[in-house]
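Only the coordinates and a few stated rules stand behind these numbers; no lab work does. None of these values were measured; they are calculated from a predicted model. No Cβ is skipped: glycine too gets one built from the backbone with ideal geometry, and neighbour counts run over all protein chains shown.
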Amino acid sequence: MACYMKNKHNTSIRIEQVELVDNYTLYHITVDVGTTSWIVAHRYSEFVDLNDKLISDYGVSKDLLPPKKVIGNKDPVFIEKRRLGLEEYLRTLLNFLQLTMPKELAVFLDFQFYDILFLLQNLAMKFFNDGDNILQKSRNYTFNPLELHAISERLKQPCPPLEITDRRQDFSHVLDFCSQLTDICIKGSNAPIKTSNIVPNSLKFELSAFKSVERLSIIGLPLDNIYDAQSLRQSVVSLDVHGCGVKRSSEILLCDTVHKNIAIDSTREALVWLKIMEVDFSNNDIEEIDDAVALMPHLQHLTMHGNKLPLLNNLTSLPHLSHLCLSANRFMSQNLMELHIQLGNIISIDLSENNINSLLPFSRLFSLEVLNVASNSVTDLAEVSHIAGLPCLESLVLTGNPLATVVDYRIRVLEKFGKRAEEICLDNERPTRKELDTVAVLQAIRIAREGPSRTSGIQSHTNTLLGSTQPTPDAVTSCSHSPH
């Protein structure tokens with residue numbers, strides 16, 4: 001990003017290209033400020049307007065600008081002569097006005113899009129005029145890395161680098177606006193900004209200007225570009241990180257630290273995200289839930305859709321976790337057999353779009369109310385028996401599995417739940433009266449065929465399998481009617 005104040009003697013202007021558009025000529029101006037460069041195009045009449053302002057306000061000589069020419073102004077020889085004249089005009093202006101860089105010249109050269117100082121002046125003006133309306137509506141705002149980099153660099157400077165005559169452009173308006181936001185989104189990009197060589201995702205920034213943010217969303221941005229997020233650890237309740245290419249949860253939670261670990265030492269307490277209750281790390285490349293999740297001790301909702309997870313680890317460090325979404329990952333049934341150890345108090349699980357072929361891993365999740373295993377590889381209806389005894393289960397999604405193509409699929413699944421069939425919402429649909437009547441008939445036929453002793457034996461065997469972890473009748477009643 002450009003910083004003219006640090007590169008006054010390393011700034012140059014040249015006009016290398018001329019373009020004929022309809023009935024006028026465009027002069028393409030290349031501006032170089034340090035290592036940053038961009039192109040801005042103007043026709044001759046715009047040069048005239050600029051010159052008039054500079055003559056009246058800054059004492060620029062009337063003879064600097066090449067004169068007008070009505071006849072023959074499309075002649076290539078004349079256009080080349082004017083190109084050279086305009087190039088010399090801009091260079092003379094830059095030299096003459098180097099110390100002040102008037103707003104009119106800066107805007108003419110598009111400094112407000114690429115330079116730290118002038119971009120912040122534009123932001124300050126915007127927040128001065130519209131900030132109250134934005135905050136009254138929602139207190140949320142979307143930033144790009146360019147804006148955050150400019151804010152971060154300006155915070156390093158103890159005093160204003162230039163005297164600002166228009167107080168509406170004062171940096172304090174930016175800080176005041178940022179400090180009141182409760183919801184911010186940061187959208188990265190690898191595409192150069194406009195005609196410049198500035199790539200947003202190459203810019204580093206900090207987030208100390210935000211004091212009250214409760215919801216933070218980061219989209220398509222390398223997280224190691226953030227070098228200070230400490231203030232957010234005190235306030236953020238909800239954290240979304242999408243499309244950032246991270247492979248481990250520590251890359252998110254420890255984005256601003258050099259060492260991505262949480263070794264027990266004097267620094268660990270400072271790294272805890274004190275208020276986070278919801279996180280959504282969907283559509284990244286996460287291959288491991290590492291021990292950094294312990295830095296979110298109050299987490300309740302965890303979403304990691306569309307990653308590359310084959311295993312569940314370290315979730316025992318999240319005692320309040322109640323809702324878990326791991327859809328579109330790489331889970332297989334054999335890798336989930338100790339699910340009840342990792343997720344003792346789980347209420348809702350979404351493991352759709354994985355490689356699960358058995359429901360046995362869910363058989364001991366006695367607090368589970370919602371189970372979504374859509375679009376997996378479960379083929380046998382008998383698998384439903386593993387979860388039929390879950391006392392709190394109310395919603396089950398099996399659509400997209402091979403077993404869902406079986407004749408009378410809904411009836412046969414609901415029949416596994418016995419007297420609780422009417423409480424089960426299957427594939428997002430409540431059982432119809434006709435389905436429940438059919439289920440009752442099938443249950444009666446089965447009891448008649450197997451006899452009361454057989455039915456009692458099955459129930460006794462089920463209780464033995466459940467052991468001491470089986471909830472009491474009071475507990476079952478309680479969880480069945482608990483709010484979701």
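Worth pointing out:
- Between Thr399 and Ile219, the distance separating the two model label sites (each 7 Å from Cα on the Cα→Cβ line) works out to 2.7 nm.
- FRET efficiency for the pair Leu311 and Asp240, taken as 1/(1 + (r/R0)^6) with r the Cβ-Cβ distance and R0 = 22 Å, rounds to 0.40.
- Rg and Dmax over the alpha-carbon atoms of region 335-387 stand at 10.4, 28 Å.
- Helix 433-466 vs. the chain, principal-axis angle (Cα, 0 to 90°, nearest 10): 80 degrees
- Using a simple spin-label model with pseudo-atoms 7 Å out from Cα toward Cβ, Glu19 and Asn140 lie 3.7 nm apart.
- Calculated FRET efficiency, Ala270 to Ser189, Cβ-Cβ distance, R0 = 22 Å: about 0.10 to the nearest 0.05.
- Viscosity 1.002 mPa s, 20 °C: Kirkwood-radius Stokes-Einstein D of region 28-166 over Cα pairs, µm²/s: 122 µm²/s
- Taking each residue as 0.36 nm, the span from Lys6 to Gln98 lengthens on full extension beyond its C-alpha to C-alpha distance by 31.9 nm.
- Leu324 sits among other residues whose Cβ lies under 14 Å from its own Cβ, and their net charge, with Lys and Arg +1 and Asp and Glu -1, is -4.
- Pairs exceeding 18 Å between alpha-carbon atoms, taken from Lys6/Lys156; Lys53/Lys103; Lys8/Lys62: Lys8/Lys62.
- Cα-projected label distance for Asp176 with Ser61, points at 7 Å along beta-carbon direction, nm: 4.4 nm
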